[in-house]
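Report on the structure given below.
The values are calculated or read from the model by the stated rules, or taken from the named source; none is laboratory data. Predicted model only: the values in this text are computed from it and were never measured. Backbone-built Cβ (ideal geometry, glycine too); neighbour counts: all protein chains shown. The protein model used for the area step is the full one, side chains on, heavy atoms only, and it has no ligands, DNA or RNA in it. Shrake-Rupley method; radii C 1.70, N 1.55, O 1.52, S 1.80 Å.
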Amino acid sequence: MCGIYGIASRKSITNKLFHGLKKLEYRGYDSSGIAGISQDRKCHVIKSTGPINNLKKRLKTLPNIFTGISHTRWATHGEPLLKNTHPHHSGSINIVHNGIIENHEDIRNFLKKKKYSLTSDTDSEVIAHLINYNYKKCNDMRLALVGSVNVLEGSYAIGVINSNLPDKIFAASSGSPLIIAKGKNENYIASDISPVLNDTQKYLTLGDGEFAELSSEKVIVFDKKSKILTKKVITTNIKDEQVSLMGHKHFMHKEIYEQKEILNEMKNRYVGHTSLLPNIFGPGTDNLLSKIKHVHFVACGTSYHASLVAKDWIEQHSTITCTAEVASEYKYKKINILPDTLFVCISQSGETADTISSLKKAKKLGYKDTLAICNVAESTITRLSNLVFLMNAGPEISVASTKAFTSQLFSLLLFSIIVSRKHGCAERKMVSDIKQIDKIINSIFRLEPEIKKISSKFKNKDHTLFLGKGGSYPIALEAALKLKEISYIHASAYHSGELKHGPLALVDKKMPVVCFLPDNYLAKLVLSNLAEVEARQGQTFIFTNKKIPRKNKKVEIIKMPDCPDLIVPILYIIPAQLLSYHVALKKKTDVDKPRNLAKSVTVE
Ligand code: M6R
């Protein structure tokens with residue numbers, strides 16, 4: 001959840017470190033810091049609380065540094081105060097850490113006995129002292145690092161510098177992502193590829209229990225026994241502009257608009273004239289997936305909402321039974337698995353701790369197979385899963401997930417068709433429906449000015465209700481999550497039929513009720529549920545392509561383009577994303593970096 005960036009170079013990297021760290025800000029923005037070694041072998045540290053821009057003011061106090069590590073924090077242990085900000089230091093050692101050290105209290109007690117004084121409330125600080133303690137004993141950084149992480153329990157990605165070895169960065173990882181990127185006369189450590197894209201496309205991932213020693217000249221990866229490892233160097237096709245705003249005010253806005261191109265590319269890549277192209281989930285998968293009788297979906301947040309849509313799609317078009325569980329529940333539950341059940345986990349980042357532990361659990365149970373639908377090619381989830389389907393939506397920077405959701409839905413729609421084939425699903429018609437996304441999405445984007453206007457009616461609200469039925473219910477959930485996340489307005493989503501079983505009590509003339517009402521076989525039922533709201537003078541906002549009269553000023557109809565029922569979830573979420581975006585703008589919240597949240601939730 002925190003971001004780590006480090007450079008070992010021949011040139012001064014003071015500004016570069018700062019600008020690279022900014023690219024990781026979406027991973028945490030409670031506080032940030034830099035530690036770097038100058039030519040006179042002195043280590044210099046700057047820190048500040050709040051967004052990374054606050055660090056800029058202190059940047060000019062740094063001399064030219066050539067080897068450095070930096071960190072942007074999402075607080076877990078200890079408030080976002082200066083004393084808890086990384087890098088943490090002990091003697092000649094400075095460290096940055098992402099993850100959680102579960103046994104930090106025991107290590108603290110050990111260190112106190114060894115006369116170390118601990119000054120922060122973090123779990124991370126113990127790492128610095130432990131390395132210092134071991135380094136002083138053996139005078140060998142590799143051994144000191146291995147010896148130190150051997151006693152750590154929990155997850156970690158660690159970057160270390162030692163002013164006695166001024167041109168080197170050391171790194172270790174277990175359960176938290178860390179990449180090593182290879183540049184020209186420069187090498188890097190980073191939590192993900194985004195800060196290095198201006199310099200290089202080449203990187204390797206540091207696996208669990210692996211260590212690295214970097215200088216400007218070379219990268220050495222080794223294991224716990226100091227055995228040198230040969231790692232595969234990957235060339236990413238992600239471009240720097242994909243992690244830049246490119247004229248948009250916020251990444252969220254940029255990412256909402258990217259959905260058109262992403263979905264179109266997915267269509268071109270996977271959808272043939274009248275059927276899907278063969279084996280799009282990997283060699284031999286059409287056959288494997290045709291034998292599936294049950295599916296267990298597991299995911300968190302937005303990705304979980306995508307799984308609810310998939311459950312509906314599959315159950316509508318086949319006799320396959322599906323369950324959809326949030327990962328934080330799945331991992332603590334007794335799971336009953338019938339023969340021919342497939343485990344499917346969905347994750348944008350591939351690094352969500354709850355989803356990772358669910359996948360690890362699933363691999364020990366009796367599933368036919370495990371499939372990961374993921375956006376990040378080299379992630380823990382893709383490495384752990386037997387089958388992998390990459391959404392290829394490009395990096396998603398805004399904490400509020402938008403393009404990941406619709407590309408997950410697209411992937412899951414393809415998956416639903418493949419598993420439902422043997423059950424006689426109308427693939428030809430489904431394919432022709434999918435092909436309409438491209439055209440309809442344009443009309444949806446044209447709604448933005450209207451949505452912007454409507455957003456002012458939400459600005460001063462504290463509570464909202466979102467309603468949907470059938471395939472639109474997960475959209476109501478996702479729309480409510482978007483509004484909560486970025487505008488801090490409380491939003492609850494219900495099946496529209498559930499209203500009269502309790503939530504109707506909340507409805508009064510001040511309560512905005514947002515409803516997704518595609519013109520399908522459920523529309524009449526939803527309309528009667530809405531009548532219950534209108535009878536209580538609730539203020540309704542109805543996204544619909546059904547012709548319904550606007551009875552009074554309290555009914556706001558947002559006219560949606562006609563759209564086949566199959567693709568409703570993919571298209572109806574887009575205006576809801578725009579609505580939350582404009583409400584958040586009006587409320588002047590930090591749209592891309594909402595309070596208390598991190599993009600990738602790497603702690604359980
Ligand atoms: O990376 P993942 O898809 O595994 O992340 C799961 C959730 O943390 C994520 O979708 C979260 O709910 C988003 N902030 C929602 O916008």
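Miscellaneous remarks
- Over the stretch 449-604, all Cα pairs binned in 10 Å intervals from 0 give whole-percent P(r) values of 11, 43, 35, 10, 1, listed from short to long.
- Gyration tensor verdict on the stretch 184-273 (Cα atoms; rounded if a/c is under 1.5, prolate if a/b is larger than b/c, oblate otherwise): prolate
- Two numbers describe the Cα atoms of the stretch 550-604: Rg and Dmax, which are 16.2, 49 Å.
- Accessible area per residue was computed with a 1.4 Å probe on protein heavy atoms; Arg58 scores about 110 Å².
- Taking every DSSP beta bridge that has both ends in the chain, the antiparallel portion is near 60%.
- Cα-based radius of gyration of the stretch 3-242 once divided by 2.2 N^0.38 Å, which approximates compact folds: 0.92
- The stretch 97-210: projected area of the alpha-carbon convex hull, averaged over directions, in nm²: 7.4 nm²
- Each Lys and Arg Cβ is given +1 and each Asp and Glu Cβ -1; about its Cα centre, the chain then shows a dipole of about 980 debye.
- Here the scattering of the stretch 359-469 is modelled by Debye summation over its C-alpha atoms, one equal scatterer each and no solvent; at q = 0.18, 0.22 Å⁻¹ the log10 of I(q)/I(0) is -1.15, -1.29.
- Degrees, to the nearest 10: 251-270 long Cα axis against longest axis of the chain: 70 degrees
- Across the stretch 245-435, Cα-Cα pairs more than 27 Å apart make up 24 percent of the total.
- Were the residues from Glu105 through Asn386 laid out at 0.36 nm apart, the gain over their Cα-Cα distance would be 97.5 nm.
- Straight Cα distances below 15 angstrom link Lys429 to the aspartates and glutamates Asp565, with same-chain residues fewer than 8 positions distant left out.
- C-alpha long axis of helix 523-535 to longest principal axis of the chain, angle in °: 80 degrees
- The stretch 424-469: C-alpha gyration tensor shape, a/c 1.5 cut-off, then a/b vs b/c: oblate
- Ordering of 233-240, 497-504 by packing is 497-504, 233-240, highest average first (other Cβ atoms within 10 Å, averaged per residue).
- If you bin all the Cα-Cα distances of the stretch 491-556 at 10 Å, starting from zero, the percentages per bin are 21, 61, 18, 0.
- Of every Cα-Cα pair in the stretch 1-92, the percent that sits beyond 22 Å: 19 percent
- Computed over the stretch 261-354, the ratio Rg/Rh where both radii use C-alpha atoms and Rh is Kirkwood: 0.99
- Peptides 282-292, 379-389, ordered by how many other C-beta atoms sit within 10 Å of their residues on average, highest first, read 379-389, 282-292.
- Candidate aspartates and glutamates for bridging to Lys60, where Cα separation is under 15 Å - those fewer than 8 sequence places away on the same chain excluded: none
- Measuring how big the stretch 231-289 is from its alpha-carbon positions, Rg and Dmax come out at 16.4, 46 Å.
- Relative pair counts by distance (%), Cα atoms of the chain, 10 Å bins: 3, 17, 25, 24, 17, 10, 4, 0, 0
- A quarter of the convex hull surface defined by the alpha-carbon atoms of the stretch 453-497 gives 3.1 nm² as the mean projection.
- In this calculation the C-beta distance from Lys333 to Glu498 is compared with R0 = 22 Å, giving a FRET efficiency of 0.40.
- Among 558-569, 104-115, the peptide with the highest mean count of other Cβ atoms within 10 Å heads the list, and the full ranking is 558-569, 104-115.
- With every protein chain in place, the chain: carbon and sulfur % of accessible area (1.4 Å): 50 percent
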